[in-house]
Amino acid sequence: MLNRGKLCTGIIALFIAGISVPALADNGGYVVMPAAPYDPALNQGSLEEISFWELPLWIQLFYLSGAATAVLGALMVFFHALPFLLIRKKKLIDNRNREEIYEFIKDNPGCTVNDISRGRSMNVGSVRYHVDRLEMASRIVQVKLKKFTRLFRNSGAYNEREIVVLSAMNIRTNKAILLLVKEQPGLSNKQIAEKLDIKESMAHLYLTRLLKEDIIRYEKSGQQKLYYLESDVDEILQKIDVQRTAKSYNASV
C-alpha cells in the first residue's frame with residue numbers, strides 16, 4: 001500500500017505539469033499553450049459619454065426626485081421666513097419715519113399733518129398713522145385750534161398761550177408779519193404789504209386774524225393803524241428763538 005503522503009505529492013505534481021507545459025490534443029494534434037498575461041493596454045476601449053436622458057429611467061427618476069426635494073425644502077424655508085423678514089423691514093422703516101416725524105414736530109412746534117407731509121415728502125395717511133402712534137406713546141400732543149389740529153412734543157415746554165403763538169407762526173404769512181413787526185414795530189398795513197410784497201388786502205386779512213388771537217395790537221396815528229406785538233408775544237418769540245435756522249417746509253396758509 002502506497003504511503004498517503006507520497007500519493008498526494010504525486011497528484012499535485014501531475015496537476016502542475018498539466019497546466020504549465022504544452023499538451024497534445026487527442027484528436028486534433030494541436031498544442032494547447034498557457035494563456036497570455038493580462039495586458040490592460042490591449043483591453044482599453046474608448047469611454048463613450050452619454051447624456052442624462054440616456055441613463056436608465058430609474059436613475060433619472062432617482063436624481064430628479066432628490067433635486068425636487070432639495071428645491072422644495074429650500075422654498076419652504078424661504079416662504080416660512082419671508083413674513084418675519086417683511087415684518088422686520090416694515091418695523092425698521094416705520095421706526096425711522098416715526099422718528100423723522102417726531103424731530104420735525106420738535107423743530108416746528110404747532111405744525112400740522114399736512115405740513116409734515118409736505119416737509120418730509122410723505123403720504124398724508126402715513127403721517128397720520130405715525131402721529132397717532134406718537135400720541136399713544138405720549139411723545140406728542142395734538143391741540144385743536146379752530147380748523148387746524150396743531151402738533152407739539154409732549155414735554156410740558158409750552159403753555160396754552162405759547163401754543164397759540166406757535167400755531168400762528170406755522171402759517172407762512174403770519175410768521176413773516178410777526179417777525180417784521182418784531183424787528184420794526186409801529187408799521188402800518190400799507191408798509192407791511194410793501195415790505196412783504198403782498199397786496200394790502202391780504203396784509204389786512206392776516207393782521208385781522210392776528211388781532212383776534214391777541215397776538216398783535218395797534219395804536220392809531222391819525223387815520224392809520226400802527227401795529228405792535230403784544231408784550232407777552234415778544235417774550236415768547238425770544239424764548240422759542242423763532243429766527244433760528246430750521247428745516248424748511250411749506251406751512252399751511
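Read the figures in this text as sums done on the coordinates, not as results from a lab. Owing to the predicted nature of the structure, the values given are computational and were not obtained by experimental measurement. As a convention, Cβ positions derive from the backbone with ideal geometry for all residues, glycine included, and neighbour counts pool all protein chains shown.
Exposure proxy for Asp232, Asp115: other Cβ atoms within 10 Å of each Cβ, ordered fewest to most, give Asp232, Asp115.
Distance between the modelled labels on Glu160 and His204, one decimal in nanometres: 3.3 nm (7 Å Cα→Cβ projection). For segment 205-221, putting each phi into the Karplus relation 6.51 cos²θ - 1.76 cosθ + 1.60 with θ = phi - 60° gives couplings of 4, 6, 5, 5, 5, 5, 5, 5, 8, 6, 9, 10, 9, 9, 10, 7, 9 Hz, in residue order, rounded to whole numbers and with x for Gly and Pro.
Remark on Ile216: its backbone amide H falls under 5 Å from those of Leu211, Glu230, a criterion applied only to residues 5 or more positions apart or on other chains, H modelled at 1.01 Å from N.
Going through the cross-link list Lys106/Lys220; Lys144/Lys195; Lys147/Lys195; Lys106/Lys225; Lys146/Lys239; Lys147/Lys220, which pairs have a Cα-Cα distance over 27 Å in this structure? Table pairs above 27 Å Cα-Cα are Lys106/Lys220; Lys144/Lys195; Lys147/Lys195; Lys106/Lys225; Lys147/Lys220. The label-point distance for Asn114 and Arg172, in a model that sets each label 7 Å from Cα toward Cβ, rounds to 1.2 nm. Relative protection proxy for 55-61, 135-141, 159-165, from highest mean packing down: 159-165, 135-141, 55-61 (other beta-carbon atoms within 10 angstrom). Potential lengthening of the chain between Val124 and Thr69 amounts to 15.1 nm, from the contour at 0.36 nm per residue minus the alpha-carbon distance.
For Glu135 and Lys239, a Förster radius of 25 Å and the Cβ-Cβ distance give a FRET efficiency of 0.55, rounded to the nearest 0.05. Fully extending the segment from Ser221 to Glu49 would add 51.0 nm, taking 0.36 nm per residue of separation and subtracting the current Cα-Cα distance.
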